[in-house]
Amino acid sequence: MGQTSVEVEEPKEAEKKFQSCLDILALETVNKYNISLLLHGHNVLATVWSGRHDHDKAYQLLEKAKELHAGYLHSKAPPPRGYDEIFMDEEFSSEERDVMFEKLYTNTLFYLAQVYGVRGDNKQAAAHCHITLQRQLEADDFDPLDWSLNCATLSQYYVTMNNYQSARHTLACSSSVISNVQESSENASKLYENSSYSDESNDNEKIVKTRADIERCWIKFCVNLLKDSVSDLQSSDLSDKVSKLTEMKNTFEDEEDKEEKEEEVEEEKKEEKLLHG
């Protein structure tokens with residue numbers, strides 16, 4: 001019922017139902033039958049509060065979800081039942097349950113990245129976005145267009161931090177994924193060139209737009225890298241000039257000191273001659 005309230009955009013009802021669910025589950029010990037439902041409830045309730053602009057509340061719920069996930073893994077318990085498995089006649093295998101459980105946690109990290117961004121903590125937002133993208137790629141559970149664009153967008157944060165190695169890595173990953181999508185699309189176009197398949201042109205437009213956005217990120221990367229390189233060279237040249245001037249100044253001062261000492265020695269010799277006249 002709570003999920004239905006979310007889907008029909010009734011946040012108040014969704015908040016009440018999910019909070020009621022979590023309150024009931026809080027009375028039980030965490031186990032393989034309720035942990036997935038706990039994670040899912042915290043994730044969804046966090047999105048509800050975030051939609052109502054209470055990002056601190058959303059943050060607390062997501063951090064609690066992280067804590068629950070870590071605690072369950074630490075307990076060495078078997079993969080938990082899926083939160084929607086109770087509504088099905090068939091049961092999932094341990095491998096399938098593990099995949100579903102980790103996907104719930106990936107969602108937690110994804111929502112946390114968004115909440116950190118809204119809270120102005122760009123460093124944590126980027127870190128959680130990076131982990132989310134990595135987990136999605138490893139699980140082979142992602143939309144390639146969204147993933148490649150999100151990966152390219154993450155590179156722009158690294159550019160602002162002058163971390164060009166990480167920026168180039170994320171852009172390269174993004175370009176690799178979108179290239180595979182484009183190649184698949186071209187093969188599909190050959191299959192459907194004599195058919196009335198209407199969605200194929202729309203897919204191509206999305207691919208072209210996403211690729212253009214990624215290439216713009218590459219351009220920003222290159223422009224900023226050149227600017228910073230010029231600045232570094234100028235700073236290096238200035239430092240070299242200052243070092244040379246300092247060296248010349250020290251040499252000049254040493255020569256002056258040497259001349260003064262020689263003059264003092266000459267004066268002493270003259271005085272000795274006068275005394276012994």
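Here are the numbers for the structure shown:
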read-out	value
Residue that is modelled with the lowest pLDDT, among those in the range 169-198 that are assigned to a helix (DSSP H, G or I) and over 32 Å from the mean Cα position of the chain (by Cα)	191
Residue ID - farthest from residue 69 (Cα to Cα), chosen from residues in the range 35-58 that are free of Cβ contacts under 8 Å to residues at least 40 places away in the same chain and not in a helix (DSSP H, G or I)	53
From 51, 82, residue being under 15 Å from residue 111 (Cα atoms) and at pLDDT below 90	51
Which numbered condition residue 95 misses (of (1) at pLDDT below 95; (2) open to solvent by less than 80 Å² (accessible area, probe 1.4 Å); (3) assigned to a helix (DSSP H, G or I))	(2)
Filter pass, residue 228 being at pLDDT below 70 and out of contact with any strand residue (DSSP E or B) (no Cβ under 6 Å at 6 or more places or on another chain)	no
Members of the range 138-149 that are touching a residue at least 24 places away in the same chain (Cβ under 8 Å) and part of a helix (DSSP H, G or I)	139, 144, 145, 147, 148, 149
Single residue of 66, 76, 57 found to be over 30 Å from residue 231 (Cα atoms), open to solvent by 40 Å² or more (accessible area, probe 1.4 Å) and at pLDDT 95 or above	66
Selection status of residue 107, in contact with a Leu (Cβ under 9 Å, 6 or more places away or on another chain) and closer than 24 Å to residue 131 by Cα	yes
Count of the range 120-169 residues which are of a type in the set (Ser, Thr, Tyr) and open to solvent by 20 Å² or more (accessible area, probe 1.4 Å)	6
Residue in the range 98-118 that is touching a helix residue (DSSP H, G or I) at 6+ places or on another chain (Cβ under 7 Å), surrounded by 15 or more Cβ atoms within 10 Å (Cβ to Cβ), under 23 Å from residue 209 (Cα atoms) and modelled with pLDDT of 95 or more present	no
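The values are calculated or read from the model by the stated rules, or taken from the named source; none is laboratory data. Since the structure is predicted, the reported quantities are computational estimates derived from the model, not experimental observations. Note that we place each Cβ from the backbone using ideal geometry, even for glycine, and neighbour counts take in every protein chain shown. Protein only, heavy atoms only, side chains kept; ligands, DNA and RNA dropped before computing areas. Shrake-Rupley method; radii C 1.70, N 1.55, O 1.52, S 1.80 Å.
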